[in-house]
Amino acid sequence: MRRSDICLYLGPADRAELRALTTNRNTPRKLVWRAEIVLATADCHGTFEIMRRAKTSKPTVWRWEQRYLEEGVAGIKRHKTRPSRVPPLPMETRLKVIAKTVQETPPNVARQT
């Protein structure tokens, strides 16, 4: 069943740009994949058909449809950054490490002259 809140109409310029992405052999695969999802949505293929073609999940199809609706082709091309799973060290810890590195020589290290 097709989501009723997604209505995707591609203008000629956007369609041509997305087609160019899919046919260019130098385009990264993930960009081709995103463009194919948007083109299939614009061609009125249902979510399950798009999932089958792209070999992906329903939320992924919805994510790229939504990103195109919000940002256009530029949103399809742009990679969103994600926060690291490892939290950064606190500033005071970083400063201590830097100070210790500058001021002390590690044991068992030959001196360079």
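Every read-out reported here was derived from the displayed coordinates using simple, explicitly stated rules and does not represent laboratory data. All values reported here derive from a predicted model rather than from experimental measurement. In this analysis, Cβ positions are derived from the backbone assuming ideal geometry, glycine residues included, and neighbour counts consider all displayed protein chains.
Within the shell defined by Cβ-Cβ distances under 12 Å, the residues around residue 27 carry a net charge of +4, with Lys and Arg each +1 and Asp and Glu each -1. In this rough spin-label picture, where each label sits 7 Å from Cα along the Cβ direction, the residue 25-residue 109 distance is 5.1 nm. Calculated mean residue ellipticity at 222 nm for the chain: -17500 deg cm²/dmol, from DSSP H runs with n ≥ 4 weighted as -39500 (n - 2.57), summed, divided by the residue count and rounded to 500. Structural descriptor for the chain: relative contact order 23 percent, calculated from alpha carbon pairs under 8 angstrom and at least 6 residues apart. Pairwise Cα separations in the chain fall into 5 Å bins from 0 onward with the following percentages, short to long: 2, 10, 17, 16, 12, 6, 4, 4, 5, 6, 7, 6, 4, 2, 0.
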